[in-house]
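The values are calculated or read from the model by the stated rules, or taken from the named source; none is laboratory data. Just so it is clear, the structure is predicted and the values come from calculations on it, not from any experiment. Cβ: placed from backbone, ideal geometry, glycine included. Neighbour counts: every protein chain shown.
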Amino acid sequence: MTDELRETLLGAAGRLIATEGIAALTVRRIAAEAGSSTMGVYSRFGGKEGVVDALLYEGFEALRDALTARPDTDDPFEDMVTGCAAYRDFARANPTRYQVMFATPMLGLEASPASIEMAAASFACVCAKAQRCLDAGVVAGYAAHEIASSVWAAAHGLVSLDLLGRRPPVLADDDPYERTIRTLLRGFAPTAPTPRPMSR
């Protein structure tokens with residue numbers, strides 16, 4: 001059975017983040033926005049940190065689902081490109097969730113073990129796509145998680161610039177996203193220069 005108050009409180013927190021930023025969240029503000037009492041926030045989440053953690057968990061859960069929504073094809077290279085497109089689509093469709101997912105650590109809030117595990121599960125989807133590329137021989141020289149880390153870093157960086165409206169002026173009339181992902185992946189091709197060990 002759906003906990004209607006829980007969903008109402010999470011919706012209220014999401015609206016506050018969307019209009020004022022995650023730093024504006026307080027138990028009192030969440031309760032007022034939801035038309036509830038502060039006791040409702042404490043009973044469902046234990047406080048503000050619990051609300052943020054619930055949003056964090058659900059955000060990475062939704063991202064995992066977005067990354068696995070389209071079945072794999074016989075072309076793992078294109079599947080990685082498609083996965084990156086799904087990543088950007090998710091961020092654009094859920095800017096508030098995306099902000100919570102990647103701004104929470106900067107606010108000094110600790111994620112629960114469950115949220116950390118869900119975040120790892122979403123990254124594992126990218127690793128799986130990288131492993132398929134390795135198995136097919138279209139990339140080489142690094143472990144799947146190293147390739148996935150590079151792809152995620154590029155995707156996240158470009159997506160973040162877009163969401164913040166801070167794309168460099170030289171790219172204002174261009175969309176470098178897919179081209180960047182393709183260029184990065186081609187850099188891992190077996191014919192690319194011999195890779196140097198990554199620092200750890």
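Here are some notes:
- Ala13 vs. criteria at pLDDT 90 or above and closer than 17 Å to Ser112 by Cβ: yes
- Single residue of region 89-115 satisfying the filter (more than 20 Å from Ala18 (Cα to Cα) and at pLDDT 90 or above) that is surrounded by the fewest Cβ atoms within 10 Å (Cβ to Cβ): Pro113
- Within the set Ala23, Ala18, the sole residue that is more than 30 Å from Ala124 (Cβ to Cβ), part of a helix (DSSP H, G or I) and at pLDDT below 90 turns out to be Ala23.
- Residue match in region 116-133 (condition: without any contact (Cβ under 8 Å) to a residue 24 or more places away in the chain, over 30 Å from Pro190 (Cβ atoms), surrounded by fewer than 18 Cβ atoms within 10 Å (Cβ to Cβ) and outside the structural domain of Thr19 (by TED's automatic domain parsing)): yes
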